[in-house]
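Read-outs: derived from the displayed coordinates by stated rules, not from any lab. Small disclaimer: the values here were computed from a predicted structure and weren't measured. Using ideal geometry, Cβ is built from the backbone for each residue, glycine included, and neighbour counts are taken over all protein chains shown.
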């Protein structure tokens, strides 16, 4: 790979090492990467070949998951190695039972790459959405290992389409097929000479439909909302999101709130509860006999949120005042309108639903209040916006099957 690229990776590694002195996520990443080769040697059979699937973090894993489940359903003998780059993925899914091994992906440097591939011996590699690691891709290509990217989406402002982006365009040439979410991505890639592109859609739609079909029951929450006029679910929230939603909730006694913060260490939970001036309780400390008196339930457990949106009449999905919104499909699949912050342009489903008025983007508390006032007071409008959201999810199902059919 280009020396400038390798220098950039080494500089990034050095920055992570420096940050690890104070940053827990950086520390977890380094500790996890130091265990990768030991995990692989312990878990893998050197006589077997594996399907290697790489997701950056938890959100991308949710896009990989439908394909993993389909592979194991149709080819139960298949062996899978699942890797993550971010602690937000690995630390939550390190015990995922459909993978033979789950590990951190070592930094994209030549020695790590060759050692990783020598141990895994992948018969194919599948990357998810935005994962473009030059040395891994080049080495996979050199070894003639079929390589794919799924649920990818491209935008005109990305480096691949810049005059100086030749090094990154070279990475795209390492994929046997790029499975993209939309026609716009296909046209952009065609404009730089990348022809091996198939528009299949986004596997996240299939994942949220599977979650909805599973219909997990939560007696605590059912008791809480049994007499509620309006239940609002706030998922993957950060402080800027909560700064807008919590004051509105405090002043609207007709609402009940299920709040699932993106991070929930003890200090953050205490801070949250201190800002809510109505009866609130942590999910881990809740008792069913008391739930009818609870106005706000704070979720302090992983893995529940995608099933909890079913209890809401509307939802707010966080992240839109930071690097970008989290998964709005998890809420929309239940046929409820979704509200989120202003940074959603990278997400096709958010753009589509805003255009159709099945979701709403807000930039401040006043805009949030305007939308909520109407959702609370106009039952027909609430139902109509929810129907738009549900219909959009339904019409976008099937990406997983299309990808599976092309690969296998």
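How tilted is helix 24-43 with respect to the longest principal axis of the chain? Cα atoms for both, answer in degrees (0 to 90, nearest 10).
That helix lies at roughly 50 degrees to the long axis.
If packing is taken as the average number of other Cβ atoms within 10 Å across a peptide's residues, how do 279-286, 299-306 rank, most packed first?
Descending mean neighbour count gives 299-306, 279-286.
In the range 28-92, if every C-alpha pair distance is counted and binned at 5 Å from zero, what percent goes to each bin?
So the P(r) values, bin by bin, are 4, 16, 24, 22, 21, 12, 2, 0.
Which whole-number percentage describes the relative contact order of the range 216-395, with Cα contacts under 8 Å and a sequence gap of 6 or more?
21 percent.
Arranged by the count of other C-beta atoms within 10 angstrom, fewest first, what order do 110, 307 take?
Arranged by neighbour count, lowest to highest, 110, 307 become 110, 307.
State, as an integer percentage, the relative contact order of the range 298-378 based on alpha-carbon contacts under 8 Å between residues 6 or more apart.
Relative contact order for the range 298-378 comes out at 23 percent.
What angle do you read, to the nearest 10 degrees and between 0 and 90, between the alpha-carbon axis of helix 110-120 and the longest principal axis of the chain?
Taking Cα atoms only, the helix is inclined about 80 degrees.
If I take every Cα pair under 8 Å that is 6 or more residues apart in the chain, average their sequence separation and divide by the length, what percent do I get for the relative contact order?
Reported as a whole number, the value is 12 percent.
Contour minus end-to-end for residue 12 and residue 47, with contour as 0.36 nm per residue of separation and end-to-end as the Cα-Cα distance?
Roughly 9.1 nm would be gained on extension.
Going by a ≥ b ≥ c, the root eigenvalues of the Cα gyration tensor, does the range 101-148 fall in the rounded group (a/c under 1.5), the prolate group (a/b larger than b/c) or the oblate group?
Note, shape of the range 101-148 comes out rounded.
So, in Å, what gap is there between the alpha-carbon centers of the range 94-141 and the range 274-294?
If you average the Cα positions of each part, the centres end up 44 Å apart.
Applying a 10 Å radius around every beta-carbon, put 24-30, 337-343 in order of their mean neighbour count, most first.
Listed from highest to lowest mean packing, they are 337-343, 24-30.
Which value results when the Cα radius of gyration for the range 216-395 is divided by 2.2 N^0.38 Å?
Relative to the 2.2 N^0.38 Å estimate, the range 216-395 comes out at 0.95.
For a test of the definition: using alpha carbon positions, the gyration tensor, and the 1.5 limit on a/c, classify the range 313-408 as rounded, prolate or oblate.
oblate
How big is the C-alpha Rg of the chain next to the rule-of-thumb value 2.2 N^0.38 Å, as a ratio?
For the chain, the normalised Cα radius of gyration is 1.03.
What ranking do 375-382, 102-109 get when scored by the average of other Cβ atoms within 10 Å per residue, highest first?
Per-residue mean Cβ counts within 10 Å order the peptides as 102-109, 375-382.
Can you give me the C-alpha center-to-center distance between the range 345-375 and the range 1-68, rounded to a whole angstrom?
Between the Cα centre of the range 345-375 and that of the range 1-68, the gap is 35 Å.
Taking one equal scatterer on every alpha-carbon of the range 9-165, how large is log10 of I(q)/I(0) by Debye at q = 0.08, 0.11, 0.14, 0.16 1/Å?
Results for the range 9-165 at q = 0.08, 0.11, 0.14, 0.16 Å⁻¹ read -0.23, -0.43, -0.71, -0.94.
Kindly work out what percent of the DSSP beta bridges joining two residues of the chain are antiparallel, to the nearest 5.
Beta bridges within the chain, antiparallel portion: roughly 0 percent.
Roughly what angle does helix 239-250 make with the longest principal axis of the chain, taking Cα atoms, 0 to 90 degrees, to the nearest 10?
20
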